[in-house]
Amino acid sequence: FANKHWASGPHNRVRVYSRGIDQRVRSKDVGYSTWAREKFLYSQRLEKLFHLIEGDAKGPYTKLLQVIPLNEKDRRCWIAYLIAQQYRTPRAIRWQLAGLKRLIARDRLEYPTDIDYLRRAYETLFTNNKLFAHFYTLMMSREWRIWRSPPGSQFIRSDEPITTVGSSEGNSWQLIYPLTPERCFAVGPEKAPTDTALQIVPSGRELADSELWIMNRAIARSARLSVIGRQVDNDQVLVELLQSALGQVEAEKVDLEQSLIAYWGSI
């Protein structure tokens, strides 16, 4: 349902940007529901859980776009959705399965390292209260914002939907999640006011062209394979940005060997 915000035209298509064999960025227009779709990535049980999480997030998603206050239930549903978006990607799965396997070997834990068992352990992340509490504290302690793109410009969307920069230890952590081509949700790095109301209304402002360029560059750099944008007649500026940034560095890697024990405990 998030991809649809970038769709346009009679066939609801989005413009996909990716690198060819020659490393040049090229684009093609495809149906919004076909982009970033991976078959057989999750178990049926996890698919059903993601369906529930996404259903609960549609209300807060709409409220954020309309700048309507979020109550406590909205905030919890929204944070759960962002956690799922960050940890459900092929890259996140690869990192976590590899990190879990190293952890089991290092600590000589009595747990099989076959892929089926590792995937079962990975899927427990999405019902792990410690993980949710960690992100809830991290996000609620920082200011929430809704950025607007300048007229005639747009935010892009990556196949790694969540972009994070900085670190919580250095008080520079920031989360970026584009909602539509015209709106982007952001958390941090500034701390939330100490008198934060029980209902959150994110502050908002229109970005300058230079600020949008920085945001889109960060989103593009964190991409695994591709990003999407809305279909436009002239996208040369965006193509030039993507040529220098698309998938050039992987998103900052969490220290899995330290974090997995904290979330899973002794297996």
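Within region 131-143, one or more residues are on the phi < 0 side of the Ramachandran plot and part of a strand (DSSP E or B).
Checking the structure you have, find out if any residue of region 39-61 is among the β-branched types (Val, Ile, Thr), out of contact with any helix residue (DSSP H, G or I) (no Cβ under 8 Å at 6 or more places or on another chain) and within 22 Å of ALA186 (Cα to Cα). Within region 39-61 (the criterion being among the β-branched types (Val, Ile, Thr), out of contact with any helix residue (DSSP H, G or I) (no Cβ under 8 Å at 6 or more places or on another chain) and within 22 Å of ALA186 (Cα to Cα)), the answer is no, since none of the residues qualifies.
Only residues that are closer than 22 Å to THR164 by Cβ and either charged (D, E, K, R) or open to solvent by less than 30 Å² (accessible area, probe 1.4 Å) (or both) were counted across region 219-237, and they come to 10.
The condition of being within 19 Å of the chain's Cα centre (by Cα), in a helix (DSSP H, G or I) and at pLDDT below 90 holds for only one of ARG102, ARG94, ARG75, that being ARG94. Screening PRO112 on (1) open to solvent by 30 Å² or more (accessible area, probe 1.4 Å); (2) in contact (Cβ under 8 Å) with a residue 24 or more places away in the chain; (3) not in a helix (DSSP H, G or I) shows it passes everything except condition (2). Of the numbered criteria (1) modelled with pLDDT of 90 or more; (2) surrounded by 13 or more Cβ atoms within 10 Å (Cβ to Cβ), the one ASP22 fails is (2).
The number of residues in region 200-218 being over 26 Å from PRO60 (Cα atoms) and open to solvent by 60 Å² or more (accessible area, probe 1.4 Å) comes to 5.
The residues on offer are GLU257, GLU252, and the sole one that is open to solvent by 20 Å² or more (accessible area, probe 1.4 Å), assigned to a loop (DSSP other than H, G, I, E, B), modelled with pLDDT under 70 and within 30 Å of LEU109 (Cβ to Cβ) is GLU252.
Being more than 23 Å from GLU123 (Cα to Cα) and modelled with pLDDT of 90 or more is a property that does not hold for ALA2. The conditions of being open to solvent by 80 Å² or more (accessible area, probe 1.4 Å), farther than 30 Å from THR124 by Cβ, of a type outside the set (A, V, I, L, M, F, W, C) and assigned to a strand (DSSP E or B) are not met by ARG15. Of the residues making up region 120-127, at least one is more than 22 Å from LYS63 (Cα to Cα) and either outside any helix (DSSP H, G or I) or free of Cβ contacts under 8 Å to residues at least 60 places away in the same chain (or both). One residue stands out among those in region 54-69 that are free of Cβ contacts under 8 Å to residues at least 40 places away in the same chain and farther than 12 Å from ILE200 by Cα: the one that is most open to solvent (accessible area, probe 1.4 Å), which is GLN66.
Note on region 33-49: among residues that are in contact (Cβ under 8 Å) with a residue 60 or more places away in the chain and open to solvent by less than 80 Å² (accessible area, probe 1.4 Å), the one that is farthest from LEU118 (Cα to Cα) is TRP35.
Sort out which residues of region 149-195 are of a type in the set (Val, Ile, Thr) and without any contact (Cβ under 8 Å) to a residue 60 or more places away in the chain, and write them in order of number. Scanning region 149-195 gives ILE176, VAL187, THR194. For region 70-97, the candidate set comprises residues that are in contact with a strand residue (DSSP E or B) (Cβ under 8 Å, 6 or more places away or on another chain) and under 19 Å from ASN3 (Cα atoms); within that set, the residue that is most open to solvent (accessible area, probe 1.4 Å) is GLN86. Taking the criterion of being surrounded by fewer than 19 Cβ atoms within 10 Å (Cβ to Cβ), modelled with pLDDT of 90 or more and outside any loop (DSSP other than H, G, I, E, B), the only residue of region 147-173 that qualifies is ARG148.
The values are calculated or read from the model by the stated rules, or taken from the named source; none is laboratory data. All values derive from a computational prediction rather than experimental measurement. Because the Cβ atoms are built from the backbone with ideal geometry, glycine has one as well, and the counts that use them run over all protein chains shown. The accessibility values were calculated without ligands, DNA or RNA, using every heavy atom of the protein model including side chains. Shrake-Rupley method; radii C 1.70, N 1.55, O 1.52, S 1.80 Å.
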